[in-house]
Each structure stands twice: as structure tokens, then as C-alpha cells.
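Inspection log for the structure reproduced underneath, given as C-alpha cells.
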Amino acid sequence: MLSTPLMKTFGLRYPIIGAPMAGVAEAPLAAAITTAGGLGMIGVGSQASPDFIIEQANLVRDQGPFGIGLMVWALKSRPHLLEAALRAKPDLISLSFGDPTPYIEPCHRMNIQTAVQVHNRQEARQARESGADILVAQGTEAGGHTGHVATFPLLQIVLQESDGRPVVAAGGIATAEGIAGALAMGADAVWIGTAFLTCSEARQRALGRARLLEATEMDTVLTHVYDRIQQLEWPEPYPGRALTNDFTSAWHGREADMLTTPGVHTEFLARRGDYRIDYLYAGQAIGLVNREERAADLVARLGTGAETHFRQRMKNIMSD
Ligand SMILES: Cc1cc2nc3c(=O)[nH]c(=O)nc-3n(C[C@H](O)[C@H](O)[C@H](O)COP(=O)(O)O)c2cc1C
């Protein structure tokens, strides 16, 4: 059996953390991942309410260890999201996309572990100096908002900066082999989003799930278009990786024109749920996702597969 310090801290059967994904990873998905022996996380969007956090947490808590994922940039104007997350008493709070320093201590006062998604060496150092317990190396191939360095070099960089803290690999991992590879490099666990997007428990419209299932690894773009059209205050260093469609083809790289062209915003609002226009955030690992399954089955398949692969590969390539 695999066993890493991070797995021991949270009592996990598998080194799998279900990424917090606002709008998609809510209580049903988080609970399913936790029940299966991973660590499920609830994604909290910038517009979420404190009540949403408490309600969602209440639905997961009895299943075992769970986490809540917050966006740092949104906490500046909405500090009550952190207050609600603390009251919800999760085992883990993630603080991503901004300087986490002011928010670590309040979590520690409540005995809650903290994880920070980092995207380069400078952010890894900042997270370490802030006192974060866990560093998550989020590569640019990840779905949703992310940075510009790929998981492979980034994980090596973050391992150099971790100073003994557990490091978790995020971005592009969707197979047993991927998990075994990340652990072999030195990660204590993996943080998976895209592979869970088509699970039965993910909050997903049928049309969106179908589109995700047919997409390949060539069908994503890292773009600001959806943040700009929605007038969200996402910081410049973190564009979002979404599936390509008519909207990204028309406006990616032309965001300023998009905002001054009459009718674009109105059409975007009128066609929410039409994925030729609307967004489906997903990473390059979408090319490895080709079926709808229950999250528990996916966790068990990836977790046991990683154990088998790790053992077999070591046996095959190590000599005395
Ligand atoms: C649909 C979607 C929504 C996401 N929302 C959030 C979020 O609310 N907070 C966050 O910290 N990360 C968010 N992420 C990023 C994930 O936490 C994670 O880093 C990423 O999914 C890992 O890479 P992968 O998609 O290749 O597995 C989101 C990702 C996706 C695909």
C-alpha cells in the first residue's frame, strides 16, 4: 500500500485529493471522493455566499476528511467567505490565486491545515514563508485558472522550495501512471480536477458532460476571455484553461475589442449553457477522460492502479 506523510495526516487510503472546483465540485462530488478514500474538496466561487459554504460542509463532514477551496483575490472584498470556511471546520483550506499570508494564521488558530496552489518559484517561496502547510504545484496544463509553467518543471521547482513540507502535484494527472510518476518525483499526493469533471456526482449539465467526453487534449486554451466578459476581477497572472469553442476562437487575444464590440456581452448572457459560447473549464488531461463513472470507482481505479504501477515499475527498472 502507498503511504505518504500527507496521507497519514488526513487518514487517506489513496494519495488523491479532489480539486476544489467552483460550480462543479460541491458536496456530492467531495463526499464521494472522501468516502472512497481520497480527500474531497468543495470549490467556493468568488460570488458564493457564506451560507453555501456551511450547507455544503454539513453535507460532507460525516463522510470523513474534507477540504474547502477559497480564492485569495476574492477574500479582499469578501472576508466573510474565510470566516464561513473556518466555521465549517474542514480538515483543509486551500488559499489560491494571490498572497495567502494574511489568511494562514486564522486557519492555524482553528487547527485547520492549509494548502496553497503555486505556479512558479517565487510563489512557492511566498507560500512557504506564509506558513502554509502544503504546497500544491499547479501546472499550466491544469483545468480552470492557473499559471504558465508546466507541471513537470514546476513540481521539481516546488520540491526544491518546500523545505520539508508535503508537496502535491496538480495539472494534467488523470491516470494511475500519472499518479505513480508524481509520487516517484517526490509529491505526497495528487490534486485532480479534470478527471472528475465527467463523474456522475460532478455538478454538470448533460450537454457539458457530453462536450467534455468528446474533447481531446488539443481542445483547450488558456484565456482571459471569460473573466473579462463577466467582469470578474481575476488577477492578470491567472488566466483560465477552458475548452475551445466559437467564442474563444473569436475573442481570445482580442479581449479589448470584445469589450467594446456592441452586442457581445448581451449574446454571451443570452446563450449561457450553449457551449459554443459558454465556458467549460477543463485541462489538457481531458484527452484521457472518455467515460462517465462514479467518483468512487474512479478513485479506486486510479488509487489501486497507482499502487500496482508503482510496484511493478520499480521491480522492472531497479537492479541491485
Ligand atoms: C472546472 C474547474 C473549476 C476550478 N475551480 C477552482 C476553484 O474554484 N479554486 C481553485 O483553487 N482551483 C480551481 N480549479 C483548479 C483545480 O483546483 C486544479 O488545480 C486543477 O483542476 C488540476 O488540474 P487538472 O484539471 O489537470 O486535474 C478548477 C479547475 C476546473 C477544471
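Charged side chains reduced to their Cβ positions (Lys and Arg at +1, Asp and Glu at -1) give segment 110-225 a dipole of some 280 debye around its Cα centre. In the chain, the sites counted are trypsin sites (Lys or Arg not before Pro) in DSSP loop states with at most 16 other Cβ atoms within 10 Å, and the longest stretch holding none of them, exclusive of the sites, is 77-202. Over all Cα atoms in the chain, the spread is summed up by Rg and Dmax: 18.8, 70 Å.
Where the alpha-carbon atoms of segment 141-198 are placed on the principal axes, they occupy 36, 24, 16 Å, in descending order. Can you classify segment 253-303 as rounded, prolate or oblate using the Cα gyration tensor, where a ≥ b ≥ c are the square roots of its eigenvalues, rounded means a/c under 1.5, and otherwise it's prolate if a/b beats b/c and oblate if not? Here segment 253-303 falls in the prolate category. At a Förster radius of 22 Å, what calculated FRET efficiency corresponds to the Cβ-Cβ distance of residue 314 and residue 152, to the nearest 0.05? That gives a FRET efficiency of 0.65.
Rg then Dmax, both in Å and based on the Cα atoms of segment 130-226: 14.7, 45. Over segment 65-186, the pair-distance histogram of Cα-Cα distances with 5 Å bins from zero comes to 2, 12, 23, 22, 20, 13, 6, 1, 0 percent, rounded to whole numbers. Remark: segment 269-279, residue by residue, has Karplus-estimated 3J(HN,Hα) of 5, 6, 10, 4, x, 9, 7, 6, 10, 6, 8 Hz, where x stands for each Gly or Pro and the curve is 6.51 cos²θ - 1.76 cosθ + 1.60 at θ = phi - 60°. Tell me, what is the FRET efficiency for residue 260 and residue 77 to the nearest 0.05, using R0 = 22 angstrom and their Cβ-Cβ distance as r? Calculated value: 0.25. Partner aspartates and glutamates whose Cα lies under 17 Å from the Cα of residue 76, excluding those fewer than 8 positions away in the same chain, are identified as 99, 105, 233, 236. When the Cα positions of 171, 261, 153 are compared along the charge dipole of segment 145-300, 261 comes out farthest toward the positive end, with charges on each C-beta of Lys, Arg, Asp and Glu. A DSSP coil position with no more than 15 other Cβ atoms inside 10 Å describes the following GluC sites (Glu not before Pro) in segment 159-229: 217.
Charge dipole of the chain (Cα centre as origin; +1 on each Lys and Arg Cβ, -1 on each Asp and Glu Cβ, all else neutral): 440 debye, rounded to the nearest 20. Segment 8-43 and segment 44-89 have Cα centres lying 14 Å from one another.
Considering only 60, 104, 85, the residue lying farthest towards the positive end of the dipole of segment 58-180 is 85, judged by Cα position with unit charges set on Cβ. Evaluating kT/(6 pi eta Rh) at 37 °C and 0.692 mPa s, with the Kirkwood radius of segment 13-60 over Cα pairs in the Stokes-Einstein relation, gives 309 µm² s⁻¹. In summary, the convex hull built on the alpha carbon positions of segment 8-122 has an orientation-averaged projected area of 6.8 nm². Across segment 140-147, coupling constants 3J(HN,Hα) worked out from phi with the 6.51/-1.76/1.60 Karplus curve, θ = phi - 60°, read 5, 6, 4, x, x, 6, 6, x Hz, and Gly and Pro carry x. Listed by chain and number, the lysines placed with their C-alpha closer than 20 angstrom to that of residue 89 are 8; residues fewer than eight positions away on the same chain are left out. For segment 1-128, the residue among 2, 18, 43 whose Cα projects farthest onto the positive side of the dipole built from Cβ charges is 2.
Only helical runs count toward this figure. For the chain, summing -39,500 (n - 2.57) over DSSP H runs of n ≥ 4 and dividing by all residues gives -12000 deg cm²/dmol at 222 nm. Beyond 19 Å, the tail of the calculated P(r) for segment 182-308 holds 55 percent of the Cα pairs.
Rule-based calculations on the coordinates, nothing more; no lab input. Please read all numbers here as calculations on a predicted model, not as lab measurements. Every residue, glycine as well, gets a Cβ built from its backbone with ideal geometry; the counts of neighbours run over all protein chains shown.
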